[in-house]
Number of protein chains: 4
Amino acid sequence: MRVIYAQTDRMNVVYYSRYYEFFEAARSALLRRIGIPYTELEKEGYMLPVVESHCRYHGTATFEDELTIESHMDETPKAKLKISYKVFKPGRDDPIVTGYTVHSFTNARMRPVRAPAMFLERLEAYSGQALED
Amino acid sequence: MRVIYAQTDRMNVVYYSRYYEFFEAARSALLRRIGIPYTELEKEGYMLPVVESHCRYHGTATFEDELTIESHMDETPKAKLKISYKVFKPGRDDPIVTGYTVHSFTNARMRPVRAPAMFLERLEAYSGQALED
Amino acid sequence: MRVIYAQTDRMNVVYYSRYYEFFEAARSALLRRIGIPYTELEKEGYMLPVVESHCRYHGTATFEDELTIESHMDETPKAKLKISYKVFKPGRDDPIVTGYTVHSFTNARMRPVRAPAMFLERLEAYSGQALED
Amino acid sequence: MRVIYAQTDRMNVVYYSRYYEFFEAARSALLRRIGIPYTELEKEGYMLPVVESHCRYHGTATFEDELTIESHMDETPKAKLKISYKVFKPGRDDPIVTGYTVHSFTNARMRPVRAPAMFLERLEAYSGQALED
C-alpha cells in the first residue's frame, strides 16, 4: 500500500483514522486467504459489523511511503471475532501502528447470531494448513 | 462548515475531492429546503445518482476556515438535474471553488426514469415562493 | 452534524472510521470553547498528535441522522491529554458510539514536550468557570 | 485496486468523489513511471495543485471489484498539465468512469511558474522510449 496525498493531513502524516481503512483492506484480504471472502459471508446472510476499534500510533507515515499491513485473527471466534493489525514501513522493524477491531456476527437485519458453522470449518481447515507450512 | 484536519492534506489545504463532499451536504440541504428531502425521494423509489461532476479551484481553504457553500438548481430538470455550487471563505468576495454535479433520475434498480411529477410540482411551488420573496 | 451519503457504507450505516472525524470536529470545538484553539497552539509551536484512539459501537447511524457529539477532557493533562466522546442520535438516550483519543504534546518537530503552561492555565480558568455555572 | 467497504455508500456503489482519490494514485504512478516522482518535484521546490477536476460516471463499481485505472498525459504541458483517467472493471470493455484533472505548476508558496525544464526533459525522454516500444 502506497500512501497517497488524500491520506495525509497538514501535519504531513497519514491522518489517524485512515489506518482503519487500511485495517479494513487487510481484514478483507485475510478473509479471502482463509477462503471466506466477505462477499460470500454476505450472500449466506451474515454480516460482520465492527463493535470496537482501537489503534496505537508509535510512529508516522507520509506521502509515498510503502506500508505493509499484517493482520491476524486472535483466537477461535464464538459470538465475536477479534482481528489484530500491525502496520510497517520500510527501514523500521517495529510497527508504526498497531490496532485491533472486534466484530460481531449478525444476520442481514443486524441481529447478533453465532459464528456460522461454515466460517468455523474453513477457519479450522486454514489453521491446519498454516501449521503444516 | 468549519474545515477539520481530516480534510486537509500535506499541502496544508483542503484536499481537492473533499469539496465534492461539501457539495453533497449543500445538495441535500437544497432538496430539503425545496421540500423534497432525498430520503423521501428514496422512499418513493427514486434515486439521483451522480453522472457527472466538475470543480474549478480558484483559491484554497485550510484548517478551521469557515466555509459557506451556495447551491443552485440551474434549470427545470427533465431527465437530468444539474446543480451548481460556490464555496466562499470569509474575507473574500469571489468563491474559492465553483463546481457542478449532474444527476439522472433513476428507479431503485438504477434504471433511468423521468423526473417524478411530485418533484417537479414541489420545485415549481418553491420557485413561486422564491419569486415572491 | 447531519450524516451525509459520503459517510455511509453499503451496510447503510456510517462507516466505522468516520466517527473519528466527528471526534476531531468535537475536539477542536472543545479546545476553542476552553479558549485554546488548536491553530493558536500550533502558532506557539505545539502539536497534539494522536497516540491512541478507541471506539465502541453500540448502535448505528444512517443518512440524514442528526448526530450530537459530546466531548470531555478526562483529567488534568501532564504529558498526555485524554479526550472522551459520546455520539447521540435523536430519540435515543444512550450514546450510539463512545470513544476516546489520547494525545501527546509535542513541539513542531514532533518531539514530546510537557503540556505548555498557557494550556494548563486556560484549562484551569475554564474549569473554574464551568464550576460556577 | 480492490474496492473496500469504506469506499462504498448506501447505494452500494463507490461514492462519486472516491474516484478522485483513485485518480491521484494513478497520477502519482504515472509521474513515477516517467521518472519524475512527485516527492522529487516537491524537493525541487515545485508543486502541482489541482486547478480543475472532472468526472463522468458511465457505470458503477462495488465492494471487492478489482478496478484498473489508466492515466494519460494529454499534451506537452506549458503552464498547465492535463491528465486524463479511465477506470475499468473486469468483464466490461468500456470504462465505467472517465475524467481528468488540470494542474498548474507552482513554487512552494503556490505562485504559478512555468513547467520546470527538468520535468519537460524527462517527459520528452519518456515519450521517446514509449515510441520505441
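The values are calculated or read from the model by the stated rules, or taken from the named source; none is laboratory data. Computed from a predicted structure; not experimentally measured. Positions of Cβ are backbone-derived with ideal geometry, glycine not excepted, and every protein chain shown enters the neighbour counts.
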**Request:** Look through C:18, C:10 and report the one residue that is in contact with a strand residue (DSSP E or B) (Cβ under 6 Å, 6 or more places away or on another chain), of a type outside the set (Val, Ile, Thr) and more than 30 Å from residue C:125 (Cβ to Cβ).
**Result:** C:10
**Complete:** Filtering the range C:8-19 down to residues that are touching a residue at least 40 places away in the same chain (Cβ under 8 Å) and outside any loop (DSSP other than H, G, I, E, B) yields C:8, C:14, C:19
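With the requirement that a residue be over 17 Å from the mean Cα position of the chain (by Cα) and of a type outside the set (Lys, Arg), what does the range B:1-39 give you?
Residues of the range B:1-39 that are over 17 Å from the mean Cα position of the chain (by Cα), as a first pass: B:2-15.
Selection gives B:3, B:4, B:5, B:6, B:7, B:8, B:9, B:11, B:12, B:13, B:14, B:15.
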**Request:** Could you please give the count of residues in the range A:40-61 that are within 18 Å of residue A:116 (Cα to Cα) and more than 10 Å from chain C (Cβ to nearest Cβ)?
**Result:** 6
**Request:** Scan the range A:62-77 and give yes if some residue there is of a type in the set (Asp, Glu), surrounded by fewer than 19 Cβ atoms within 10 Å (Cβ to Cβ) and facing chain C (nearest Cβ under 10 Å), otherwise no.
**Result:** no
**Asked** Can you pull out the residues in the range C:103-126 that are more than 15 Å from residue C:78 (Cα to Cα) and away from chain A (no Cβ under 14 Å)?
**Response** C:125, C:126
**Request:** Taking only the range D:1-20 into account, find how many residues are modelled with pLDDT of 95 or more and surrounded by fewer than 21 Cβ atoms within 10 Å (Cβ to Cβ).
**Result:** 0
**Message:** Here is a check on your reading of the model: is residue C:8 within 14 Å of chain A (Cβ to nearest Cβ) and more than 28 Å from residue A:48 (Cα to Cα)?
**Reply:** no
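Here is a yes/no grid of residues against (1) of a type in the set (D, E, K, R); (2) at positive phi; (3) modelled with pLDDT under 95:
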position	(1), (2), (3)
B:49	no, no, yes
B:54	no, no, no
B:57	no, no, no
B:80	yes, no, yes
B:85	no, no, no
B:88	no, no, no
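Going by what's in this entry, would residue B:75 be described as under 24 Å from residue D:57 (Cα atoms), touching a His at 6+ places or on another chain (Cβ under 9 Å) and of a type in the set (Asp, Glu)?
Working: under 24 Å from residue D:57 (Cα atoms): yes; touching a His at 6+ places or on another chain (Cβ under 9 Å): no; of a type in the set (Asp, Glu): yes.
When the stated conditions are applied, residue B:75 does not pass them.
Any chance the range A:65-73 includes a residue that's over 25 Å from residue C:80 (Cβ atoms), acidic (Asp, Glu) and touching a residue at least 60 places away in the same chain (Cβ under 8 Å)? Full working, then the answer.
Narrowing the range A:65-73 to residues over 25 Å from residue C:80 (Cβ atoms): A:65-73.
In the following step, the residues that additionally are acidic (Asp, Glu) were identified as A:65-66, A:70.
Narrowing the set further to residues that are touching a residue at least 60 places away in the same chain (Cβ under 8 Å) leaves A:65-66.
Scanning the range A:65-73, I find at least one residue that is over 25 Å from residue C:80 (Cβ atoms), acidic (Asp, Glu) and touching a residue at least 60 places away in the same chain (Cβ under 8 Å), so the answer is yes.
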**Prompt:** Any idea which of (1) away from chain B (no Cβ under 14 Å); (2) free of Cβ contacts under 8 Å to residues at least 12 places away in the same chain is the one residue D:88 doesn't satisfy?
**Reply:** (2)
**Request:** State whether the residues of the range A:91-106 include one that is of a type in the set (A, V, I, L, M, F, W, C) and modelled with pLDDT under 95.
**Result:** yes
**Prompt:** Is there a residue being touching an Asp or Glu at 6+ places or on another chain (Cβ under 7 Å), of a type outside the set (S, T, N, Q) and modelled with pLDDT of 95 or more anywhere in the range C:113-123?
**Reply:** no
**Request:** Within the range C:22-39, work out how many residues are touching a residue at least 12 places away in the same chain (Cβ under 8 Å), surrounded by fewer than 22 Cβ atoms within 10 Å (Cβ to Cβ) and facing another protein chain (nearest Cβ under 9 Å).
**Result:** 2
